[in-house]
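Input: a single structure, listed below in structure tokens.
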Amino acid sequence: QVHLVESGGGLVQPGGSLRLSCAASGSIFRLNAMGWYRQAPGKQRELVATITVGGSTYYADSVKGRFTISRDNAKNTVYLQMNSLKPEDAAVYYCNLRNPGTYWGQGTQVAVSS
């Protein structure tokens with residue numbers, strides 16, 4: 001069973017940085033590609049980035065060059081380093097499997113404002 005705990009969100013000024021973390025169930029994490037998703041108010045949840053077990057990555061065009069996804073397989077943790085943040089990056093950020101089911105964690109709120 002998947003269990004995910006996201007952390008690291010907060011309020012940051014435009015141009016600032018945040019690093020999000022997601023602790024995942026061990027067996028699920030080790031066998032699956034993982035992804036970061038986000039949902040802004042009034043919008044659908046969207047995929048931000050993914051990373052395979054072997055470390056291959058994918059980024060949405062909107063974050064390419066600014067965000068970096070990584071994983072520590074020993075710690076069952078996936079990270080999202082977010083640089084050069086923009087107001088449009090504000091959202092609740094979630095991690096999940098690259099092909100998620102119905103379970104979602106509580107997410108972590110990212111606010112970008114001066």
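The values are calculated or read from the model by the stated rules, or taken from the named source; none is laboratory data. This is a predicted model, so every value here is computed, not measured. FYI the Cβ positions are ideal-geometry reconstructions off the backbone, even for glycines, and counts take in every protein chain you see. For the accessible areas, the whole protein counts, side chains as well, though only heavy atoms, and no ligand, DNA or RNA atoms are used. Shrake-Rupley method; radii C 1.70, N 1.55, O 1.52, S 1.80 Å.
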Query raised in the report: Out of all the residues in region 52-73, is one or more closer than 22 Å to T102 by Cβ and not hydrophobic (A, V, I, L, M, F, W, C)?
Result: no
Query - Listing of strands (runs of 3 or more DSSP E) fully contained in region 15-114 that carry 1 or more residues being crowded, with 21+ Cβ neighbours inside 10 Å and not β-branched (V, I, T) - result: 18-24, 34-39, 46-51, 67-72, 77-82, 91-97
Query raised in the report: How about region 1-14: which of its residues are in a strand (DSSP E or B) and of a type outside the set (S, T, Y)?
Result: L4, V5, E6, G10, L11, V12
Report task. Could you please tell me which pairs satisfy a Cβ distance under 6 Å, a separation of 6+ or placement on different chains, a first residue in region 90-104 that is closer than 19 Å to F67 by Cβ, and a second residue that is open to solvent by 30 Å² or more (accessible area, probe 1.4 Å) and in a loop (DSSP other than H, G, I, E, B)? Result -> Y94/W104; L97/N32
